[in-house]
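Taking it in order: structure first as C-alpha cells, then the write-up.
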Amino acid sequence: MVMAVAPPAPLVDQFGRTIRSLRVSVTDRCNFRCLYCMPEEGLPWLPNTRLMTFDEIERLVRLFVSLGIREVRLTGGEPTLRAGLPELIRRLAAIPGLEDLSLTTNGFLLKKLAGPLAEAGLRRVNVSLDSLDRARFAQLTRRDALDRVLEGLREVEKYPTLWPIKVNAVTMPEMSEEDILAFCELARSRAYVVRFLEYMPLDAAGNWDLSQVLPGATVLAIIRRYYALVPVPSRPGSTARCWRFADGRGEIGFINPVTEPFCAECNRLRLTADGQLRTCLFSTGDWDLLTPLRAGASDGELTAIIRAAVAHKEKKHRINEGAAFVRPNRSMSQIGG
Ligand code: SAM
Ligand code: SF4
C-alpha cells in the first residue's frame with residue numbers, strides 16, 4: 001500500500017502571518033547610484049564566490065515553494081547585471097507551485113533583456129523610476145539615463161505576459177507637483193500602474209530622517225486636486241493601496257511603509273545575494289542559509305533554519321518609535337529591496 005505523504009506545514013509566524021512571498025537578491029552591485037540608496041563611490045561589493053550560484057538559488061527557491069512560498073521576486077542591487085539572468089528565470093519558472101515570478105529593476109538594461117526574460121518565463125516587471133524630468137532623474141540616480149529607462153519600458157510593453165507594468169517612484173519632499181502630475185500622465189497614457197513609495201531609513205549613507213519623508217497621503221491629496229479617483233480593492237498581502245482614475249484611464253498606488261505601516265499583513269521573507277535570510281527589511285541580523293547549504297545540509301536541516309527564522313519574524317518595524325528604532329546593518333541594495 002502506498003502511504004500518502006502529508007505536505008510540509010506552511011510557514012506561519014507567531015503573529016499568525018502566513019509567509020507567501022520571497023524576495024531574492026541576485027547581486028548587490030548596481031549601475032546607478034540613487035541618492036536614497038547608494039553612495040556615489042558604490043559599496044564594498046560581495047566577491048563572486050560569496051554570491052549564491054544559480055544551482056543554490058534554485059535549490060533554495062524549490063525548498064521555499066515546498067513550504068508555501070507562492071511569489072518570488074528577483075531583485076538586487078541591480079538584478080539585470082547578473083550574467084545569465086534569463087537562464088535563472090527559466091529554471092525558477094519551471095518550479096511547480098510557484099505562481100508568480102517577477103523582477104524589480106532600474107530598467108537601464110531592459111531594452112536588451114525584456115525579450116529574453118519574457119521568453120524565459122518572467123511574469124511581471126517593476127521598474128523603479130523616480131522622475132520623468134531628465135535633470136531631476138540624473139540628480140537622483142547620478143546617471144543621465146532617463147531616455148534609456150523609458151526605452152526599456154517601451155520594450156517591456158511588447159510582451160503581453162509582462163503586463164501589468166508597474167513603475168515605482170520613491171517620493172521625497174523635493175518631488176514637485178509637476179513630477180507627480182507627470183507620473184499620473186504616464187499612468188494614464190501608457191496604462192502602467194505607477195506607485196509612489198515612501199523613502200525609508202535604508203540609505204547606505206545614513207542620511208534619512210523623518211523630515212525627508214513625503215507622506216503618500218500628501219501626494220494623494222495633490223493628485224485629487226486634479227483627478228477624480230476610485231479606490232481599487234487590495235489583494236491580500238499587498239503593500240500598495242491603489243486607485244483608478246475615475247474616467248477609467250490608468251491606475252496609481254501608494255506604498256506608505258513609514259506613515260501607514262502594513263507590518264500586520266506582511267507575508268514576506270528576503271534572501272540576500274549571499275544567501276542570508278532576513279525576516280524584515282529592518283532586521284538587525286541574518287539567518288545564514290548559504291554556509292550550511294555549501295556544507296552539505298539536507299533539505300530538512302535547511303527547513304529547520306527557515307522555520308526558526310520565521311518563528312522570530314519581527315512583529316513590526318520601529319521607524320516611528322524614536323530611539324527604539326535601530327537601523328539595520330545592511331542598506332537597501334545589500335538586502336534586496
Ligand atoms: N536596482 C533595482 C531597482 O532600483 O529597482 C532593484 C533593487 S532596489 C534596492 C529596489 C527598490 O528599492 C527600488 O524601487 C528602489 O527605489 C527602492 N529603494 C532603495 N532605497 C530605498 C529607500 N531608502 N527607501 C525606499 N525605497 C528604496
Ligand atoms: Fe541601484 Fe536600485 Fe539602489 Fe538605485 S535603488 S542605487 S538602481 S539598487
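For the stretch 295-318, does any single residue satisfy the condition of being under 16 Å from residue 23 (Cβ atoms), more than 16 Å from ligand 1 (Cβ to nearest atom), of a type outside the set (Val, Ile, Thr) and open to solvent by less than 40 Å² (accessible area, probe 1.4 Å)? Yes: the stretch 295-318 contains one or more residues that are under 16 Å from residue 23 (Cβ atoms), more than 16 Å from ligand 1 (Cβ to nearest atom), of a type outside the set (Val, Ile, Thr) and open to solvent by less than 40 Å² (accessible area, probe 1.4 Å).
If only residues of the stretch 153-185 that are among the polar types (S, T, N, Q) and either crowded, with 16+ Cβ neighbours inside 10 Å or within 16 Å of ligand 1 (Cβ to nearest atom) (or both) are counted, the one that is nearest to residue 250 (Cα to Cα) is 168. Please go through the stretch 194-221 and give me each residue that is among the hydrophobic types (A, V, I, L, M, F, W, C) and over 23 Å from residue 126 (Cβ atoms), ordered by number. 205, 210, 221, listed by residue number. For residue 45, the criteria (1) away from ligand 1 (no atom under 16 Å from the Cβ); (2) open to solvent by 60 Å² or more (accessible area, probe 1.4 Å) hold in every case but one, which is (1). Identify all residues within the stretch 82-128 that are among the hydrophobic types (A, V, I, L, M, F, W, C), closer than 21 Å to residue 147 by Cβ, in a helix (DSSP H, G or I) and out of contact with any Phe, Trp or Tyr (no Cβ under 9 Å at 6 or more places or on another chain); write none if there are none. Correct list: 110, 113. Among the residues of the stretch 243-255, those that are at pLDDT 95 or above and crowded, with 16+ Cβ neighbours inside 10 Å comprise 243, 244, 245, 251, 252, 253, 254, 255. Look at residue 42 and say whether it is over 20 Å from residue 116 (Cα atoms), over 18 Å from the mean Cα position of the chain (by Cα) and within 16 Å of ligand 2 (Cβ to nearest atom). Judged against the criteria, residue 42 is a match.
Sort out which residues of the stretch 129-145 are assigned to a helix (DSSP H, G or I), within 15 Å of ligand 2 (Cβ to nearest atom) and open to solvent by 10 Å² or more (accessible area, probe 1.4 Å), and write them in order of number. Matches in the stretch 129-145: 136, 138, 139. In the stretch 14-32, which residues are of a type in the set (D, E, K, R) and in a loop (DSSP other than H, G, I, E, B)? Within the stretch 14-32, 17, 20, 28, 29 qualify. Restricting the stretch 277-294 to residues that are more than 16 Å from the chain's Cα centre (by Cα) and not in a loop (DSSP other than H, G, I, E, B), the residue that is farthest from residue 305 (Cα to Cα) is 294. Scan the stretch 7-20 and tell me whether some residue there is under 24 Å from residue 238 (Cα atoms), among the hydroxyl-bearing types (Ser, Thr, Tyr) and within 16 Å of ligand 1 (Cβ to nearest atom). Within the stretch 7-20 (the criterion being under 24 Å from residue 238 (Cα atoms), among the hydroxyl-bearing types (Ser, Thr, Tyr) and within 16 Å of ligand 1 (Cβ to nearest atom)), the answer is no, since none of the residues qualifies.
In this entry, residue 35 passes the filter for residues that are farther than 26 Å from residue 19 by Cα and not in a helix (DSSP H, G or I).
Can you tell me which residues in the stretch 66-82 are away from ligand 1 (no atom under 16 Å from the Cβ), within 22 Å of residue 162 (Cβ to Cβ) and open to solvent by 10 Å² or more (accessible area, probe 1.4 Å)?
70
Residue-level check: of (1) free of Cβ contacts under 8 Å to residues at least 40 places away in the same chain; (2) more than 16 Å from ligand 2 (Cβ to nearest atom); (3) open to solvent by less than 30 Å² (accessible area, probe 1.4 Å), residue 114 misses just (1). Across the stretch 71-78, a minimum of one residue is classified as of a type in the set (Asp, Glu), within 16 Å of ligand 2 (Cβ to nearest atom) and modelled with pLDDT of 95 or more. Among the criteria (1) of a type in the set (Gly, Ala, Ser); (2) crowded, with 16+ Cβ neighbours inside 10 Å; (3) modelled with pLDDT under 95, the one residue 234 does not fulfil is (2). Taking the criterion of being in a helix (DSSP H, G or I) and farther than 28 Å from residue 97 by Cα, the residues of the stretch 46-62 that qualify are 48, 49, 50.
The values are calculated or read from the model by the stated rules, or taken from the named source; none is laboratory data. Note that this is a predicted model, so its numbers are computed, not measured. Positions of Cβ are backbone-derived with ideal geometry, glycine not excepted, and every protein chain shown enters the neighbour counts. Just so you know, the surface numbers come from the protein's heavy atoms only, side chains and all, with ligands and any DNA or RNA stripped out. Shrake-Rupley method; radii C 1.70, N 1.55, O 1.52, S 1.80 Å.
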